[in-house]
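The structure appears below as structure tokens.
Values in this text are rule-based calculations from the coordinates and carry no lab data. Since we're looking at a predicted model, the values are computed, not measured. Positions of Cβ are generated from backbone atoms using ideal geometry, with glycine treated the same way; all protein chains shown enter the neighbour counts.
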Amino acid sequence: MFDSGIESISVASENRRPYLRVEHKDFGEAPLMVFGDGMKRVLFIATGLVTAKNGLLLLDEIEGGIHAFVLPEIMKWLFKAAREYHIQIFATTHSLEAVDAVLLSAKETPDEFVTYRLSREDHLAKRLNYNLLTDLRVHGGLEIR
């Protein structure tokens, strides 16, 4: 999703310190850190998905480090992986782009999606299912963060 030249990711060691190494068809080997925060964040989420199989995964600021342009693709991948590994995901965000990406990704399986919006005024959580959230955000154009 980030770079079609990436062939593999593996664990390497230098001076007895482990690090993630990326094998790239054009650049050869490079540490993961040179590929940017978005790729690091998605790799972190991927390892979380594998370890949370048949359980739950907590993601604070789900969009952190991920460019808004790739958020829809990332969210589709995340929904698919959650279904495949039987994982319930609890995620937070303040990003309108992340909300839009999640709505786009949940379109095919709206019954698997629910949102809770925390109100500052009365400190209550308001439950919004897919249809209500879509109406508020897409059709109503409301700020729902």
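Of the trypsin sites (Lys or Arg not before Pro) found in region 1-50, those in coil by DSSP whose Cβ has at most 11 other Cβ atoms within 10 Å are R16, K25. Farthest toward the positive end of the dipole of the chain, out of H24, M39, S4, is the Cα of M39, where the dipole comes from beta carbon charges about the Cα centre.
Based on other C-beta atoms within 10 Å, arrange Y130, Y19, Y85 from fewest to most. Don't skip to the answer; put the middle values down first.
Details: Y130 18, Y19 12, Y85 15.
Ranking Y130, Y19, Y85 by Cβ neighbours within 10 Å, fewest first, gives Y19, Y85, Y130.
For region 69-141 versus region 9-62, the inter-centroid distance based on Cα atoms is 25 Å. Model label points for K80 and E108, set 7 angstrom from Cα along the Cα-to-Cβ axis, are 0.7 nm apart.
Where the convex hull is taken over the Cα atoms of region 36-139, what is its projected area averaged over directions, in nm²?
Numbers: hull surface 27.2 nm².
Averaging across all directions leaves 6.8 nm² for the Cα convex hull.
With contributions of -39500 (n - 2.57) from each DSSP H run of at least four residues, the per-residue ellipticity at 222 nm computed over the chain stands at -9500 deg cm²/dmol.
So what's the net charge close to E108: Lys and Arg +1, Asp and Glu -1, counting the other residues with Cβ under 13 Å from its Cβ? Intermediate values should be presented prior to the final figure.
Values: positive: K76, K80, R83, K107; negative: D111, E112.
My count for the surroundings of E108 gives +2.
The charge dipole of the chain, taken about the Cα centre with unit charges on the Cβ atoms of Lys, Arg (+1) and Asp, Glu (-1), comes to about 360 debye, rounded to the nearest 20. For A91, the residues whose amide H sits under 5 Å from its own are L59, ignoring neighbours fewer than 5 places away on the same chain, with H placed 1.01 Å from N. For K40, a cut-off of 20 angstrom between C-alpha atoms picks up these lysines, skipping any fewer than 8 places away in its own chain: K25, K76, K80. Counting only GluC sites (Glu not before Pro) that DSSP places in a loop and that have at most 11 other Cβ atoms within 10 Å, the longest clean stretch of the chain runs over 1-107. Cβ crowding within 10 Å, taken as a proxy for footprinting-reagent exposure, orders I9, I66, I89 from fewest neighbours to most as I9, I89, I66.
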